[in-house]
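S.K.: A single structure is presented below for examination.
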Amino acid sequence: MIMGSYYYGLLGALLGLLANSFLSCAMYFALLKLVFNKHSLKSKYLTNLADLIFLFKFTLPVSIGSYLVVPVVWICNLMLVDIHPKGLSELGIFEAANQFKVAILFVPSLVVQTVIPILSNYLSKSNSGEFDSIIKYQ
């Protein structure tokens, strides 16, 4: 990818990224085949057409939604820059506030990721006394 971008610019970088993805896929396929053969496992690629249709119906909207996030944010930033006479400075203030929000929410999100499984474990074991004491001190 680096050589492609050095010699051919953006097109070379994109072709290098494509080649990198293809080679990674081929190497993972070969490694998976080697591991399957080592453990005497058989791989079934097409099991049920209904499962593939369901998977396609689920993954296509999710993929489109995730691919649209960056262009929509970019277009909204562009609109902010174009609408206001001091658009670039307003965008800078907005991005600084956005990064500040991310920094503030970083620690609570880490706490939630560790506390929720612990609380669900206590609740599933019917340890209501320990669960209530944990909730009380939070």
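Nothing in this text is a laboratory measurement; each read-out follows from the coordinates by a stated rule. If you're wondering where the values come from, they're calculated on a predicted model, not measured in any experiment. Cβ atoms come from the backbone with ideal geometry, glycine included; neighbour counts cover every protein chain shown.
S.K.: What dipole magnitude, in Debye to the nearest 20, does the chain give about its Cα centre under +1 on Lys/Arg Cβ and -1 on Asp/Glu Cβ? Present the calculation step by step, with values, prior to reporting the outcome.
M.R.: Values: 9 positive and 6 negative charges, 129 e Å.
My answer is approximately 620 debye.
S.K.: Normalised by the residues of the chain, what does the relative contact order come to in percent, with Cα pairs under 8 Å and at least six apart?
M.R.: Working: 39 pairs, mean separation 9.9, N = 138.
Normalised by residue count, the contact order of the chain is 7 percent.
S.K.: Another question about this same structure. Could you tell me which of rounded, prolate or oblate describes the chain, using a ≥ b ≥ c as the square roots of the eigenvalues of the alpha-carbon gyration tensor, with rounded for a/c under 1.5 and, failing that, prolate when a/b is larger than b/c and oblate otherwise? Walk me through the intermediate numbers first.
M.R.: Working: a/c = 2.19, a/b = 1.02, b/c = 2.14.
Since a/c reaches 1.5 but b/c is at least a/b, the shape of the chain is classed as oblate.
S.K.: Which of SER133, SER5, ASN37 sits closest to the plus end of the dipole of the chain, meaning its Cα is farthest towards the positive end, when Lys and Arg get +1 and Asp and Glu get -1 on the C-beta?
M.R.: In the chain, that residue is ASN37.
S.K.: If I take R0 = 25 Å and measure r between the Cβ atoms of SER5 and THR59 in this structure, what FRET efficiency does the formula 1/(1 + (r/R0)^6) give, to the nearest 0.05?
M.R.: On the way: r = 30 Å, r/R0 = 1.21.
Plugging the Cβ-Cβ distance into 1/(1 + (r/R0)^6) gives 0.25.
S.K.: What list of ³J(HN,Hα) couplings, whole Hz, do you get for the range 100-107 from phi and the Karplus terms 6.51, -1.76, 1.60, once you set θ to phi - 60° and write x for glycine and proline?
M.R.: Coupling constants for the range 100-107: 5, 4, 4, 5, 5, 7, 5, 5 Hz.
S.K.: Another question, if that's okay. What is the distance, in nm, between label points placed 7 Å from the Cα along the Cα-to-Cβ direction at LEU80 and at LEU23?
M.R.: 3.9
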